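The values are calculated or read from the model by the stated rules, or taken from the named source; none is laboratory data. Everything numeric here is computed off the predicted structure, so don't read it as measured data. For neighbour counting, all protein chains shown are included, and Cβ atoms are generated from backbone atoms with ideal geometry for every residue, glycine included. In case anyone asks, the SASA skips ligands and DNA or RNA and just uses the protein heavy atoms, side chains included. Shrake-Rupley method; radii C 1.70, N 1.55, O 1.52, S 1.80 Å.
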Amino acid sequence: KRAKRRGEGRRVGLRRSEKMALCGAFAAPLIPASRRARCSGTCAAKARDGSAAKASRRRLLPQMRDAATVSERDGGVGVGSGKARTAALAGTAELNWAELLFAYLPTRCFVRATWTRETGEWTELALEFGAPTIPLHIGATALHYGQSCFEGLKAFHCKDGAVRLFRPHENARRLARSANRLCMPEVPEHMFLEATRLAVRENVEFVPPYGSGGSLYVRPLLFGSGPKIGLAPADEVTFLVMVTPVGDYYKGGLSPVFAQVCEDYDRAAPRGVGGAKVGANYAADLLPNVLCKTAGYPINLYLDAVERQYVEEFGTSNFIAIKTDAEGVKTYVTPDSSSVLESITNKTLMELAARDGLRVERRKIDIAELRDFDEVAACGTAVVITPVTRFVRASGEVVSIGDDPAAVGPTFAQLYKQVRAIQSGDAPDDAGWTVDAFASH
């Protein structure tokens, strides 16, 4: 009982083997020595049974099962144990929602499936409880050759009480494109949708409550888990979906930042993997990102790798801008480059901008054109929009956007509000972008 209460208090699950291991430590003062000896022997014997431990950790589920209730068994004790998985549990985890950062926090479980070349098929989706770790072969291609790609999307507790994912179909399609680029099998769209919905349902307590400003960040991950010493695609591929509650990527939300133009490093090369959401692209940004932050800038902007003249994208976000012509017509501008990842947030903003009567242009942007823009911002899943009002170049030149460095431009402020209103359910989803995590599909 003490072990169970301790597990619930920490908001993590305890497997049967873990509860047996904790038995001696928590119950020793309460159990007579003779019974304690028998208990220790039994616990040790069961702990040695690897198959029992594995069964306690995993539950296999049909890929397209839509039931909102999952029974707790085989030691899967955790938040909401024994309760129906419903949207009403959103925000019930014991967290300080107002202080959430964009950082990892442990949740209840994650989703896993495996593909092998031998079968050519995916296993059923499985829920993994306990420690947020997996066994991985030391020869896995993800470790040696970077055969790994991922996605990022969010789930929101909405005004009407529902919990909805934002544009998961787009993430499924982009993951498929990334998988093809890295010679991995596609995750079928229906499987991706059910896996992300399942991960949200089984961790619904960690969805920040409506009005808190937070969301449940959903991270699907696809990687080569089979061993290869020579360069070749893995014969085994693993698909995971993990979730964690997050606040704003940049503390303060829709607040302008200053950016550094990264002129000593390139993010991606033409005809490389810049257009796919692969881990290697982010690895290339680690050092420049650290140097940028050390210099006092929260964000860095990359130029093209050939001519070093055209804007590509920010380290982890697309570049977007607003430009007004002599007739007062506003144009939404974003770079056209095969080395730039196609942002789902950028796609959303472009569609909303067009609906609002703005021109939308995807084209080359000369770095010298920065000073002609009325508004500039970074956009992505984590931030939606982060206004940028100053750019600092290696020469020391400072390019100012707008007159007030602390002011948010009116066009991006309006677009930001529109996106957040749809995500939170404060505005109707006329385009059908959101997907209910609990409704039958």
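A few points about this structure:
- Residue list for the range 130-157, filter: of a type in the set (S, T, N, Q) and open to solvent by less than 40 Å² (accessible area, probe 1.4 Å): Thr141, Gln147, Ser148
- Long-range neighbours under 6 Å by Cβ, at least six apart or interchain, first residue closer than 21 Å to Leu125 by Cβ within the range 225-237, second part of a strand (DSSP E or B) and hydrophobic (A, V, I, L, M, F, W, C): Ser225/Ala140; Val237/Trp115
- First in the range 428-440 and over 19 Å from Phe206 (Cα atoms), second anywhere and β-branched (Val, Ile, Thr), Cβ under 6 Å, 6 or more apart: Asp429/Ile422
- The set of residues in the range 172-196 being open to solvent by 10 Å² or more (accessible area, probe 1.4 Å) and either in a helix (DSSP H, G or I) or at pLDDT below 95 (or both) consists of Arg173, Arg174, Ala176, Arg177, Asn180, Arg181, Glu189, His190, Leu193.
- Among the residues of the range 429-441, the one identified as crowded, with 19+ Cβ neighbours inside 10 Å and small (Gly, Ala, Ser) is Ala437.
- Ala321 being outside any strand (DSSP E or B) and touching a strand residue (DSSP E or B) at 6+ places or on another chain (Cβ under 6 Å): no
- Verdict on Ala439 being modelled with pLDDT under 95, within 24 Å of Glu170 (Cα to Cα) and not in a helix (DSSP H, G or I): yes
- Search result, residues across the range 202-218 that are among the charged types (D, E, K, R) and touching a strand residue (DSSP E or B) at 6+ places or on another chain (Cβ under 8 Å): Glu202
- Annotation: of all residues in the range 83-129 being open to solvent by less than 30 Å² (accessible area, probe 1.4 Å) and basic (Lys, Arg), the one that is nearest to Asp235 (Cα to Cα) is Arg108.
- Test: Ser71 is open to solvent by less than 10 Å² (accessible area, probe 1.4 Å), of a type outside the set (Val, Ile, Thr) and at pLDDT below 55: no
- Scan of the range 251-279 for residues that are modelled with pLDDT under 95, under 18 Å from the mean Cα position of the chain (by Cα) and either basic (Lys, Arg) or open to solvent by 30 Å² or more (accessible area, probe 1.4 Å) (or both), ordered by number: Lys251
- Among strands (runs of 3 or more DSSP E) entirely within the range 371-428, having at least 1 residues that are of a type outside the set (A, V, I, L, M, F, W, C) and open to solvent by less than 40 Å² (accessible area, probe 1.4 Å) singles out 375-380, 384-392.
- Screening Met350 against (1) open to solvent by 20 Å² or more (accessible area, probe 1.4 Å); (2) outside any helix (DSSP H, G or I); (3) closer than 20 Å to Asp374 by Cα leaves a single unmet condition, (2).
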